[in-house]
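Peer 1: Right, I'll just put the structure down here and ask away after.
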Amino acid sequence: MSNKAVWARIEVKVCNDEGGSINVTQFPWSLAYADGAQVEVTGLHGGNFPKPEFPTNDKPVKPGNCVRGGIMFPVEPDQRPERIVYHPDSIEEPIEWAVPPSGAAGDTRSKRSSQQARAYSSPSSGSGTTARAIQRSVPTD
């Protein structure tokens, strides 16, 4: 990562639709580029980052509840990620959302079916996830 990196933010929402409690955190989320490169979360939070922030530590989500917030990633200013990737340890295959082109009109959210969403919690519980497009922010120090 160069010293010209900027912060990119994704807005995520994880809901537990049924079953037992699930735990959520920022760490299963990443950004993927067309060339195969990925940017992982830094674990940084607080300070001047936009609020609300998605939890950095495991946060239990009871059935019928949701957790929503932003996750920040350092990205190169001249490169745009192509996908948002969610890959917790509890699933084999990651769930991915396309990042809309810069300046795309309309709602930039993608919704996954409840069948796909159930795959990343546990067999006895289900959840749904929404991810919104990236918003560029201030340069990193």
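Read the figures in this text as sums done on the coordinates, not as results from a lab. Treat the numbers as computed from the prediction; the structure is a model and nothing was measured. Quick reminder, even Gly has a Cβ in these numbers, built from the backbone with ideal geometry, and neighbours come from all protein chains shown.
Peer 1: By count of other Cβ within 10 Å, fewest leading, how are CYS15, CYS66 ordered?
Peer 2: Details: CYS15 20, CYS66 15.
Exposure proxy ranking, most exposed first: CYS66, CYS15.
Peer 1: For a quick check: sort GLU93, GLU53, GLU11 by the number of other beta carbons within 10 angstrom, fewest at the front.
Peer 2: Values: GLU93 9, GLU53 16, GLU11 19.
Sorted ascending by nearby Cβ count, the order is GLU93, GLU53, GLU11.
Peer 1: I need the peptides 27-34, 43-50 ranked by packing, meaning the mean over residues of other C-beta atoms within 10 angstrom, with the highest value on top. Could the numbers behind the result be given before it?
Peer 2: Values: 27-34: 18.4, 43-50: 11.8.
Ranked from most to least packed, the peptides come out as 27-34, 43-50.
Peer 1: Quick one: which residues, 5+ away or cross-chain, put their amide H under 5 Å from the amide H of VAL99? H built at 1.01 Å from N.
Peer 2: Those qualifying (amide H under 5 Å, at least 5 residues apart or on another chain) are ARG83, ILE84.
Peer 1: Is the range 1-55 rounded, prolate or oblate when judged by the Cα gyration tensor, a ≥ b ≥ c being the square roots of its eigenvalues, rounded requiring a/c under 1.5 and prolate requiring a/b larger than b/c?
Peer 2: oblate
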